[in-house]
Amino acid sequence: MRLRQWLAGVALLLTLALPVRAADPQGQILLPPPPLGQPPELPPQGGLLGFPQGHAGNYVPLSALAHLHGIRVNHLIGHGLVAGLQNTGDSQQTLISIQFLLNTLRHDEITLPASLNPANLQVRNLAAVMVTADFPPFARVGSRIDVLVSALGDARSLQGGTLLMTPMRGADGEVYALAQGPLTVEGYFAGASGGASERKNFQTAGQIPGGATVEREVPEDFAGLRTLQLDLDNPDPGVAERAAAAITSRMPQAEAAVMDPGTIEVKLPPWMSPVSFAAAMEQIAVAGDESDRVVMDERTGTIVVGGEVTVSKAAVTHGNLTVTITPELQVSQPGPLSRGRTVAQKTAKVSVTEDQGQFFLMPQGASIEQIAETLNAIGAKPGDVIAILEGLRAAGALHGELIIR
């Protein structure tokens, strides 16, 4: 008797210690409650990537919505020469390659005979190129940056080439970096006699990872700033107000003021450096706004609709009209013993096929989910969706900004 009571007590303790998995009325197994501070987990029930919905709140880091004023990427450009090509460089008609070669030889104090005609130089192993690079902020002398090399002339491939030392200049004309090194080109190019060739990907552009060395720094006094300016990537008064409130909530001693819908001025407390504030921007969560834009690319049929786009009550019908033209050849044969001659006449058979149009009603204030479900239900193609959205905008029933590319 005592043994049974002891076993029952052990079973009760084990039951209390094990996680409970309850079942809903449909018989689906639910996961145990999560620990404190963690969001609940739900089993996949279909939807996008197997999950019915994502996180609520639309909170994103401040660093994803705004950037510090003046902290920007500068663009560098240079013109140089790629050597070592396997007879895939510029032809004699590309005079810029010959001029680059002559300038390089003169710079190295190599003189050519006066009787030599520069137009007779063979430059199939050389190619004139344009070199571009993005100069990151806070880059110091000796830092390495990536460069992109693109052919200027009629070179067929830059595979296996080496970029000769090329000065990289900024918008002010000053040299900020020097680029040099072997190119990395994706794919291949193979040529044979008679003009036969085969290529994969673009062979007239390549890159040199870490191919440029910084020689000059951009002057800045970021460490000494006590007032910072935040520029919103997409100016919005609501987002600016929420961002300023989030900054003061996170840093009570900081002063954040909204100057305009796209600018926030922050006065740092004495104990905080600008670098510390820039690092803290990744930890400040701000509620972003849902987009009210509809972006349509008619060339590719891509349609992206923001979550805040709605429509007023409207009735829509859309049908497809297909016109088929088939060329035919008719032969006119004269009667026997007549003086006529056989005549061939070209004609065309035209047929028109019109698909049955679908007529549906958009309810008042329909959301983007309802619009997508309705259009998918009737089997609308991207071209049909573009025409329907353009018609809704023309009728004044589409509430959102329509951008057509």
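The values are calculated or read from the model by the stated rules, or taken from the named source; none is laboratory data. As the structure is a computational prediction, the values presented were derived from the model and not from experiment. Don't worry about glycine lacking a Cβ; one is built from the backbone with ideal geometry, like all the others, and counts go over all protein chains shown.
Within the stretch 318-329, can one find any residue that is polar (S, T, N, Q), touching a Lys or Arg at 6+ places or on another chain (Cβ under 7 Å), at pLDDT below 65 and more than 25 Å from Asn58 (Cβ to Cβ)? The answer is yes; a qualifying residue exists. Checking each residue of the stretch 75-96 against the condition of being farther than 23 Å from Val185 by Cα and of a type in the set (Val, Ile, Thr) gives no match.
Does Asn103 count as free of Cβ contacts under 8 Å to residues at least 60 places away in the same chain and of a type outside the set (A, V, I, L, M, F, W, C)? In short, yes.
Within the stretch 227-272, restricting attention to residues that are in a loop (DSSP other than H, G, I, E, B) and hydrophobic (A, V, I, L, M, F, W, C), the residue that is farthest from Leu68 (Cα to Cα) is Trp271.
Screening Leu85, Leu65 for residues that are crowded, with 19+ Cβ neighbours inside 10 Å, at pLDDT 85 or above and within 30 Å of Leu232 (Cα to Cα) leaves exactly one candidate, Leu65.
Here is a yes/no grid of residues against (1) modelled with pLDDT under 85; (2) not assigned by TED's automatic domain parsing to the domain that holds Gly181; (3) not hydrophobic (A, V, I, L, M, F, W, C):
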position	(1), (2), (3)
Ile98	yes, no, no
Asn103	yes, no, yes
Thr111	yes, no, yes
Leu121	yes, no, no
Thr132	no, no, yes
Phe135	no, no, no
Phe138	no, no, no
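Could you list, in sequence order, the residues of the stretch 97-113 that are surrounded by fewer than 16 Cβ atoms within 10 Å (Cβ to Cβ) and assigned to a helix (DSSP H, G or I)? Listed by number, the residues that qualify are Gln99, Leu102, Asn103, Leu105, Arg106, His107. One residue stands out in the stretch 71-82 among those that are touching a strand residue (DSSP E or B) at 6+ places or on another chain (Cβ under 9 Å) and over 16 Å from Met130 (Cβ atoms): the one that is surrounded by the fewest Cβ atoms within 10 Å (Cβ to Cβ), namely Val73. Checking each residue in the stretch 256-291 for being among the charged types (D, E, K, R) and surrounded by 15 or more Cβ atoms within 10 Å (Cβ to Cβ) picks out Glu265, Asp289.
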